[in-house]
Amino acid sequence: MRHLLISAGRGPQECAWAVARLTSRLEAEAARLKAQVERIETVAGERTGTYRSILLGIDGPGADRLVAAWTGTLCWQAPSPYRASTGRKNWHVIASPHTPDRAHTAFREADIDFAPCRTGGPGGQHRNKASTAVRATHRPSGTVVVVDTERQLSHNRRLAIELLRERLARTDHDADRARDAARRHIHDELVRGNPVRVERP
């Protein structure tokens, strides 16, 4: 499946209207090419039926052709439906191939492998011989932690679970921030000249 993000960038409300109209036009073209289009994620605009952005999933024999034909600056050419006083008729948006968001890592204790181990450091001879430390591995992500702060294995095991939970949550948070930054960058790439497509009602 290919992914295409259509965004109004930082444009006015008419650009969010243009995103909706252009997406409908793309979907109609997809039907003619026997491609399937799914609206994976939408960000609503200020007005009903408008969108700041729409992430599309496109599949089928015409998917590559469709994505290539709709990548770049797009123009919806029509008078504003909101401001009769403006003479502007060209509303530009951007369409860019997009990597789908990484799904958040589901956390289940059943996905953790535990192994007792020995570690050095303070704690005396008992700590070195009794293997009270624990190595915990979260199988789906491959994240590994070693906890040896407590003198009992059960306590270190409990701390290891919480540490894994925190690390995976932080990884998901960092991924969300990177996704948002990438989308802001796409908004800034919008060039309001030489559109690859001009569509009209």
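The alpha carbon centroids of the range 61-94 and the range 17-56 are separated by 11 Å. Of the trypsin sites (Lys or Arg not before Pro) found in the range 25-121, those that fall in a DSSP loop while having at most 15 other beta-carbon atoms within 10 Å are Lys34, Arg47, Arg83, Arg88, Lys89, Arg102, Arg108, Arg118. Summarising the label geometry, the points placed 7 Å from Cα in the beta-carbon direction at Thr71 and Ser141 lie 3.2 nm from one another. Once the Cα-Cα distance is subtracted from the 0.36 nm per residue extended length, the Ala110 to Arg47 segment shows a gain of 18.1 nm.
Here Val67, Val147 are placed in order of increasing Cβ neighbour count within 10 Å, fewest first, which gives Val67, Val147.
Neighbours of Arg65, meaning other residues whose beta-carbon lies under 12 angstrom from its beta-carbon, give a summed charge of +1 when Lys and Arg score +1 and Asp and Glu score -1.
Please find the FRET efficiency linking Met1 to His155, where r is the Cβ-Cβ separation and R0 is fixed at 41 Å, and quote it to the nearest 0.05. Result of the calculation: an efficiency of 0.30.
Computing FRET efficiency as 1/(1 + (r/R0)^6) for Thr86 and Ser24, where r is the C-beta to C-beta distance and R0 is 25 Å, gives about 0.65. For Pro201, what is the net charge nearby, where nearby means another residue's Cβ is under 10 Å from its Cβ and Lys, Arg count +1, Asp, Glu -1? Result for the local shell: +2.
Every number here is computed from the coordinates shown, using simple stated rules; none is lab data. Keep in mind it's a predicted model, so treat the numbers as computed, not measured. Don't worry about glycine lacking a Cβ; one is built from the backbone with ideal geometry, like all the others, and counts go over all protein chains shown.
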